[in-house]
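Colleague: Attaching a single structure in structure tokens format; questions to follow.
The values are calculated or read from the model by the stated rules, or taken from the named source; none is laboratory data. These figures come from a predicted structure and were not determined experimentally. Note that each Cβ is placed from the backbone with ideal geometry, even for glycine, and that neighbours are counted across all protein chains shown.
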């Protein structure tokens with residue numbers, strides 16, 4: 001190919017590329033590279049197509065080769081940053097975007113990409129500075145204000161974020177992403193009606209907009225407008241059929257609406273698309289009453305309480321009338337008058353049990369899966385030690401260490417007690433006590449019910465205790481909390497280690 005032929009071929013390829021005809025463009029770029037192996041731009045654009053097709057490793061290799069041919073090509077460094085960012089390699093992406101901005105300091109898009117990557121890495125001050133450069137260089141570019149707004153939003157400066165989003169919308173009123181981002185800030189400000197309006201506008205402009213439909217659906221579901229929420233999540237699924245989370249949220253909302261068969265189908269599709277999610281399988285099992293499930297997955301419990309932590313005390317005490325800590329304390333005080341106990345609070349949460357038992361504890365240790373719960377428990381100032389971790393390893397690391405182990409609303413996430421009861425027995429000193437609350441199951445063994453909690457028969461608990469060398473001190477029926485206005489029947493059980 002002559003130089004003239006190559007120039008004509010590149011023009012044709014770019015026309016195809018800009019029109020989205022990637023195969024045709026790639027074929028021509030390939031012919032150019034075959035004829036002129038050091039044609040940096042054709043090599044770069046082959047890399048761009050590879051990234052657009054999701055072939056990120058090939059993209060990085062091709063763009064790196066283009067940079068080796070022409071190290072001063074700012075566009076190649078920007079494209080490399082895009083490929084690295086798609087791979088989650090933010091440090092390297094920031095370096096590539098930074099080099100593009102150095103080579104072309106007046107290139108607003110390079111500063112914008114650098115700002116977005118810095119924001120994703122949590123370097124918010126630097127991100128804001130880069131985004132400010134974008135709007136200075138191109139005051140009429142809506143994307144610059146959107147990036148700036150997101151950086152301010154991540155920083156917690158929602159006022160400036162909303163101002164930037166409003167400017168972006170003023171410049172480009174038909175941009176759904178800008179309306180969606182404005183909705184996020186309004187939601188965080190608890191301006192719910194305005195947030196609904198912003199998300200609704202994003203969905204009007206792009207009916208399949210994933211994030212806007214998710215957010216709008218979540219708000220409507222929390223307001224109890226389940227039918228409207230289901231419509232939102234169905235739109236998310238229709239517009240993004242390969243997105244597992246869209247199917248999951250649809251299933252969750254259908255379940256809340258009592259549409260079990262449709263919810264099961266949505267959960268199954270979510271699990272098919274993302275089979276490595278035991279927490280989703282657990283929700284489906286609970287919905288179907290699957291008796292083969294032995295315990296709640298660790299990730300499920302951790303995520304549940306990470307989200308629950310800020311409102312845990314208010315919701316549990318005021319709405320659910322949670323009485324288990326007080327009932328457990330009364331049962332333990334009836335069993336022993338001691339006030340010098342070394343106490344382990346399993347699943348300590350925010351410390352509701354711990355605060356009851358502190359007066360009779362010489363030493364009080366709390367363990368919980370959720371870092372947010374551990375932080376909340378720490379603010380009470382009642383624990384001598386707090387451990388973020390799983391219960392069984394903590395019990396296993398402390399043989400014969402405790403006079404009292406307390407488990408308030410813990411066994412609702414542990415169905416099979418085969419490993420749990422012996423671990424408790426080994427961690428107790430001779431004469432030590434184990435006090436727990438359980439939900440009552442009027443059957444044999446344990447049962448995972450649709451509320452995603454385990455209930456146990458008192459007979460099963462007694463059987464597991466006896467097999468582990470624990471003897472019954474007391475077992476009393478009690479209403480451990482309320483659910484939907486009705487008392488949840490349960491038991492307060494105290495077991496003793498006679499060894």
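Yes/no per residue for (1) at pLDDT below 95; (2) touching a strand residue (DSSP E or B) at 6+ places or on another chain (Cβ under 8 Å); (3) farther than 20 Å from residue 29 by Cα:
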residue: 61; (1), (2), (3): no, no, no
residue: 67; (1), (2), (3): no, no, no
residue: 71; (1), (2), (3): no, no, no
residue: 89; (1), (2), (3): yes, no, yes
residue: 98; (1), (2), (3): no, no, yes
residue: 108; (1), (2), (3): no, no, yes
residue: 121; (1), (2), (3): yes, no, yes
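Colleague: Now, a different point. Could you please give the count of residues in the stretch 209-235 that are in contact with a helix residue (DSSP H, G or I) (Cβ under 7 Å, 6 or more places away or on another chain), part of a helix (DSSP H, G or I) and in contact (Cβ under 8 Å) with a residue 12 or more places away in the chain? Step through it out loud before you land on a result.
Modeller: Start the filter on the stretch 209-235 by keeping residues that are in contact with a helix residue (DSSP H, G or I) (Cβ under 7 Å, 6 or more places away or on another chain), which leaves 209-217, 219-221, 226, 228-230, 232-235.
Okay, now just the ones that are also part of a helix (DSSP H, G or I), so 210-217, 219-221, 226, 228-230, 232-235.
If we keep only those that are in contact (Cβ under 8 Å) with a residue 12 or more places away in the chain too, we end up with 210-217, 219-221, 226, 229-230, 232-235.
Result for the stretch 209-235: 18.
Colleague: Provide a single number: the residues in the stretch 6-26 that are over 21 Å from residue 80 (Cα atoms) and either surrounded by 17 or more Cβ atoms within 10 Å (Cβ to Cβ) or touching a residue at least 12 places away in the same chain (Cβ under 8 Å) (or both).
Modeller: Selection size over the stretch 6-26: 4.
Colleague: Moving on to the next point. State all residues of the stretch 236-293 that are outside any helix (DSSP H, G or I) and either under 18 Å from the mean Cα position of the chain (by Cα) or surrounded by 20 or more Cβ atoms within 10 Å (Cβ to Cβ) (or both); if no residue qualifies, say none.
Modeller: If the condition is that a residue be outside any helix (DSSP H, G or I) and either under 18 Å from the mean Cα position of the chain (by Cα) or surrounded by 20 or more Cβ atoms within 10 Å (Cβ to Cβ) (or both), then 243, 274, 275, 276, 277, 293 are the ones that fit.
Colleague: Starting from residues that are under 29 Å from the mean Cα position of the chain (by Cα) and surrounded by fewer than 18 Cβ atoms within 10 Å (Cβ to Cβ), keep the ones in the stretch 474-486 and report whichever is modelled with the highest pLDDT.
Modeller: Step by step, filter the stretch 474-486, then rank; the result is 483.
Colleague: While we're on this one: Looking at the stretch 421-451, which of its residues are touching a residue at least 40 places away in the same chain (Cβ under 8 Å), under 25 Å from residue 356 (Cα atoms) and in a helix (DSSP H, G or I)?
Modeller: Those that are touching a residue at least 40 places away in the same chain (Cβ under 8 Å), under 25 Å from residue 356 (Cα atoms) and in a helix (DSSP H, G or I): 421, 424, 425, 427.
Colleague: For the stretch 121-208, please list each of the helices (runs of 4 or more DSSP H) lying entirely inside it that holds at least 1 residues being farther than 30 Å from residue 233 by Cβ and free of Cβ contacts under 8 Å to residues at least 60 places away in the same chain.
Modeller: Ranges flagged: 124-137, 142-155, 158-171.
Colleague: How many residues, within the stretch 37-51, are out of contact with any helix residue (DSSP H, G or I) (no Cβ under 6 Å at 6 or more places or on another chain) and either surrounded by fewer than 16 Cβ atoms within 10 Å (Cβ to Cβ) or not in a helix (DSSP H, G or I) (or both)?
Modeller: 1
Colleague: Now a separate question. Filter the stretch 357-376 down to residues that are outside any helix (DSSP H, G or I) and in contact (Cβ under 8 Å) with a residue 60 or more places away in the chain and give me whichever is nearest to residue 434 (Cα to Cα).
Modeller: 368
Colleague: Of all residues in the stretch 294-340, which are assigned to a loop (DSSP other than H, G, I, E, B) and modelled with pLDDT of 75 or more?
Modeller: Result: 294, 296, 297, 323, 336, 337, 338, 339, 340.
Colleague: Within the stretch 72-97, which residues are touching a helix residue (DSSP H, G or I) at 6+ places or on another chain (Cβ under 6 Å), without any contact (Cβ under 8 Å) to a residue 24 or more places away in the chain and surrounded by fewer than 21 Cβ atoms within 10 Å (Cβ to Cβ)?
Modeller: Scanning the stretch 72-97 gives a single hit, 92.
Colleague: Could you list, in sequence order, the residues of the stretch 266-301 that are touching a helix residue (DSSP H, G or I) at 6+ places or on another chain (Cβ under 8 Å) and under 22 Å from residue 351 (Cα atoms)?
Modeller: Once the filter is applied, which keeps residues that are touching a helix residue (DSSP H, G or I) at 6+ places or on another chain (Cβ under 8 Å) and under 22 Å from residue 351 (Cα atoms), the stretch 266-301 yields 296, 299, 300, 301.
Colleague: Hey, any hits in the stretch 452-473 for a residue that's assigned to a loop (DSSP other than H, G, I, E, B), within 33 Å of the chain's Cα centre (by Cα) and at pLDDT 95 or above? Spell out the reasoning first.
Modeller: Taking the stretch 452-473 and keeping what is assigned to a loop (DSSP other than H, G, I, E, B), we get 452, 457, 468-469.
If we keep only those that are within 33 Å of the chain's Cα centre (by Cα) as well, we get 452.
Next, only the ones that are at pLDDT 95 or above stay: none.
Looking for residues that are assigned to a loop (DSSP other than H, G, I, E, B), within 33 Å of the chain's Cα centre (by Cα) and at pLDDT 95 or above, one finds none in the stretch 452-473, hence no.
Colleague: Given the structure, is residue 42 free of Cβ contacts under 8 Å to residues at least 60 places away in the same chain and under 24 Å from residue 97 (Cα atoms)?
Modeller: Judged against the criteria, residue 42 is a match.
Colleague: Moving on to the next point. Which of the following residues is assigned to a helix (DSSP H, G or I), buried (at least 16 other Cβ atoms within 10 Å of the Cβ) and in contact with a strand residue (DSSP E or B) (Cβ under 8 Å, 6 or more places away or on another chain): 394, 343, 406?
Modeller: 394
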